[in-house]
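Asker: My questions all concern the structure below.
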Amino acid sequence: MNIEDIRRVLIVGAGTMGQQIGLQCAMHGYQVMLYDIDLAALDTAQTQIKMYTGHLTAQGRLAQGEVEAVLARIIPTSDPQQAAEADLLSESVPEDPALKGKILAQFNDICPAHTLFTTNTSTLLPSMFAEATGRPAQFAAFHFHQFVWESNVVDIMPHPGTAAETVALLELFARRIGQIPIVLKKENYGYVFNAMLSALNRAALSLAAGGVASVEDVDRAWMVVMKTRIGPFGILDVIGLETAWDITEYWAKALHDHQLQANADFLKNYIEQNRLGLKNGQGFYTYPNPVYQQPGFLTGE
């Protein structure tokens, strides 16, 4: 297969990242099947994608006259057979290697033999479920950042069994959809940026969960010293607190790490209050006008 043979993209998982990856592909002319087993998730995804196009037109990233055609290229479905006719699969389901392996094995049975399989996992290694895909040579991590059209770096992380041709095709495809590919020389938890971000998030959560400092003061300290417009808890809101909890809870259990478990429990308190982050308008902060963007926040006034 060559790059011109990639025309249809299957997105498995209609959450925040699946929505953004699908929209990015559609904006660059690709036919997109957006698959999720949950019909409510697909309805939410369609609404959110339309909202994204509104923001993108306002920013001048997408012409108003192109919106209808872009949206028409995204077909939501809960039927795996309908979704299967794809040249490239991008998986964005919760951070559980067993679940990822199960879903990719399902699609291996119904996708064409040439289909490339990729995972958008944030912190897991592709080798953890490469064999389950049934096509390990055609499988690699292909990880995007939020928002895909702004933070347009994509990590390509092969596992030891990934074919060189697969990596080369993913590099070309990344550029075709407006991304800057970062090819890792070997597997690494968290890729490049996420490895650094995970360390920041752990430190921030540990400070707040341990009662050392408030959420606002942790962000204030980071923003003032590093001269950034957002702090670690604002970033966690963008990531989504459910996603952050999935990752933290998984590694807390896997590593028997008491501090990570305390951090996961801290996140869980917010989730139980339906404070999920930017996606539902309230997380550590309330949106669309979070307090960290208001005058006086940095000085604590």
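Every number here is computed from the coordinates shown, using simple stated rules; none is lab data. The structure displayed is predicted, hence computed values, not measured ones. Every residue, glycine as well, gets a Cβ built from its backbone with ideal geometry; the counts of neighbours run over all protein chains shown.
Asker: Cα extents of the range 195-291 along the three principal axes, largest first, in whole Å?
Answerer: For the range 195-291, the Cα extents along the three principal axes come out at 36, 29, 25 Å.
Asker: Taking N as the number of residues in the chain, what is its alpha-carbon radius of gyration divided by 2.2 N^0.38 Å?
Answerer: 1.00
Asker: Quick check on packing: order 247-260, 114-127 by the mean number of other C-beta atoms within 10 Å, highest mean leading. Before the final figure, lay out each step's value.
Answerer: Working: 247-260: 16.4, 114-127: 22.4.
The densest-packed peptide leads the list: 114-127, 247-260.
Asker: Of all DSSP beta bridges in the chain, what percent run antiparallel (nearest 5)?
Answerer: 20
Asker: Right, next: Whole-Hz Karplus ³J(HN,Hα) for the range 29-38, in order, using 6.51 cos²θ - 1.76 cosθ + 1.60 and θ = phi - 60°, x for Gly and Pro?
Answerer: Karplus-based 3J(HN,Hα) across the range 29-38 equals x, 8, 7, 10, 9, 9, 9, 7, 6, 9 Hz.
Asker: To the nearest 0.05, how large is the calculated FRET efficiency for residue 102 and residue 253 if R₀ is 25 Å and r is the Cβ-Cβ distance?
Answerer: The formula returns an efficiency of 0.85 here.
Asker: Ignoring everything except DSSP H segments at least 4 long, calculate the 222 nm mean residue ellipticity for the chain; use -39,500 (n - 2.57) per segment, divide by total residues, nearest 500.
Answerer: One gets -14000 deg cm²/dmol as the mean residue ellipticity at 222 nm.
Asker: Putting +1 on Lys and Arg Cβ atoms and -1 on Asp and Glu Cβ atoms, find which of 293, 254, 236 reaches farthest to the positive end of the dipole of the range 196-301.
Answerer: Highest projection toward the positive end goes to 293.
Asker: Rounding to the nearest 20 debye, state how big the charge dipole of the range 3-183 is about its Cα centre with +1 on each Lys and Arg Cβ and -1 on each Asp and Glu Cβ.
Answerer: Around 280 debye, computed over the range 3-183.
Asker: Suppose each label sits 7 Å from its Cα in the direction of the beta carbon; what would the residue 228-residue 195 distance come out to in nanometres?
Answerer: The answer from the label model is 1.8 nm.
Asker: May I ask you to order 177-184, 235-242, 207-214, 288-295 by the average number of other C-beta atoms within 10 Å around their residues, highest value first?
Answerer: Going by the mean number of other Cβ atoms within 10 Å, highest first, we get 235-242, 177-184, 207-214, 288-295.
Asker: At what distance in nm do the modelled label points of residue 71 and residue 37 sit from each other, each positioned 7 Å from its Cα along Cα→Cβ?
Answerer: Simple spin-label model gives 3.0 nm for this pair.
Asker: What are the lysines whose alpha-carbon lies under 28 Å from the alpha-carbon of residue 50, with same-chain residues fewer than 8 places away excluded?
Answerer: Reachable lysines: 100, 279.
Asker: Under 16 Å from the Cα of residue 268, which lysines turn up, not counting those fewer than eight places away in the same chain?
Answerer: Residue 268 reaches 253.
Asker: Moving to a separate point now. If the viscosity is 1.567 mPa s and the temperature 4 °C, what Stokes-Einstein diffusion coefficient in µm²/s follows for the range 79-188 when Rh is the Kirkwood radius over Cα pairs?
Answerer: Estimated diffusion coefficient is 93 µm²/s.
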